[in-house]
1. Picking from D145, D155, D166, which residue would you name as being at pLDDT below 75 and open to solvent by 80 Å² or more (accessible area, probe 1.4 Å)?
2. Filter region 209-223 down to the residues that are of a type in the set (S, T, N, Q) and either open to solvent by 80 Å² or more (accessible area, probe 1.4 Å) or touching a Gly at 6+ places or on another chain (Cβ under 6 Å) (or both) and list them by number.
3. Among the residues of region 9-23, is any out of contact with any helix residue (DSSP H, G or I) (no Cβ under 8 Å at 6 or more places or on another chain), over 15 Å from T210 (Cα atoms) and at pLDDT below 95?
4. Looking at (1) modelled with pLDDT under 95; (2) aliphatic (A, V, I, L, M); (3) closer than 23 Å to N15 by Cβ, which is the one condition that is false for L93?
5. Please list, ordered by first then second residue, the pairs with beta carbon atoms under 8 Å, 6 or more apart or interchain, first in region 171-185 and touching a residue at least 24 places away in the same chain (Cβ under 8 Å) and of a type in the set (S, T, N, Q), second open to solvent by 30 Å² or more (accessible area, probe 1.4 Å) and part of a helix (DSSP H, G or I).
6. Tell me which of these I113 doesn't satisfy, since it passes every other one: (1) within 15 Å of K189 (Cα to Cα); (2) open to solvent by less than 100 Å² (accessible area, probe 1.4 Å); (3) without any contact (Cβ under 8 Å) to a residue 40 or more places away in the chain; (4) more than 18 Å from the chain's Cα centre (by Cα).
7. Among the residues of region 63-90, write down those that are open to solvent by less than 20 Å² (accessible area, probe 1.4 Å), part of a helix (DSSP H, G or I) and modelled with pLDDT under 95.
8. With respect to E46, is the statement that it is open to solvent by less than 80 Å² (accessible area, probe 1.4 Å), closer than 23 Å to I176 by Cβ and not hydrophobic (A, V, I, L, M, F, W, C) true?
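The values are calculated or read from the model by the stated rules, or taken from the named source; none is laboratory data. Please read these numbers as outputs of a predicted model, since none were measured by experiment. Reconstructed Cβ throughout: ideal geometry from the backbone, glycine too, with neighbour counts over all protein chains shown. Just so you know, the surface numbers come from the protein's heavy atoms only, side chains and all, with ligands and any DNA or RNA stripped out. Shrake-Rupley method; radii C 1.70, N 1.55, O 1.52, S 1.80 Å.
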Amino acid sequence: MAQAFPAFYEGWMMNHQNLLEKLLSFSSLDALVDDKNDKCQDLLAEVLAHYQQYYEEKTRAVNENVFLMLSPPWLSSYERALLWISDFKPTTLFPLIDNSLGEDLADEQRERIQVIRAETKRLEKEVEQAMAAVQESIAAPPIFDLLRRHERTVDGEISELDAAMDKFKENMMRVIENADALRGSTVTKLVEILSPVQAIKFLAGAFQFTLRVRRRGSQRDAQSSGITRAVHP
């Protein structure tokens, strides 16, 4: 699954572009003044299903190779530099909602968004602390001692090392699972505060940001590759 994920991701990003075009088209339609517009609701459901598919596939890939998913080689170096525990940082959504909606938000909506922002920051810290604890565990006895003696371990110690590493991977997967849950819940809470029209504008902004980062990362990697070939022909 981890080996198949890059191909899935490429197809998923193509669909991402297609959905962005739909979102931009819908956000410019006067018909969307009616918040009960069935087509608007259908598009929101399609977008959420799009993200649901991604996280289902990602979970399967994480279960197969958790370390690969922490620094995916199919992403550009720029995209990897922006990762927060294998994906986007939840609080990046708040500048996006501000930029996408601006004065379109009512005071009551702004207050509710601020509550979610504060709660998201708190939960981010909890996830970061959990990740730090997992990373520090690899340097603590008994794992560190077993790793240090790896070439000289006997069968019993090898089994003990394998068990310790399995536990380490299990804990790492749990942290990623919690990070993904926070990402998903933050998006859901924000969309629930917005009208369908606002939600479409917000999601269009989020889609544009993702594709802009990907495009910029690809350009930077291409430029870096060109410089390397020029220096080492």
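1. On the way: D145 fails: open to solvent by 80 Å² or more (accessible area, probe 1.4 Å); D166 fails: at pLDDT below 75.
Just one listed residue meets the conditions, D155.
2. Answer for region 209-223, where residues must be of a type in the set (S, T, N, Q) and either open to solvent by 80 Å² or more (accessible area, probe 1.4 Å) or touching a Gly at 6+ places or on another chain (Cβ under 6 Å) (or both): Q219, Q223.
3. No, the conditions are met nowhere in region 9-23.
4. (1) is the only condition that L93 fails.
5. Cβ pairs passing all conditions: N171/S137; N178/A130.
6. (3)
7. Matches in region 63-90: V66, M69.
8. So E46 does not fit the description; no.
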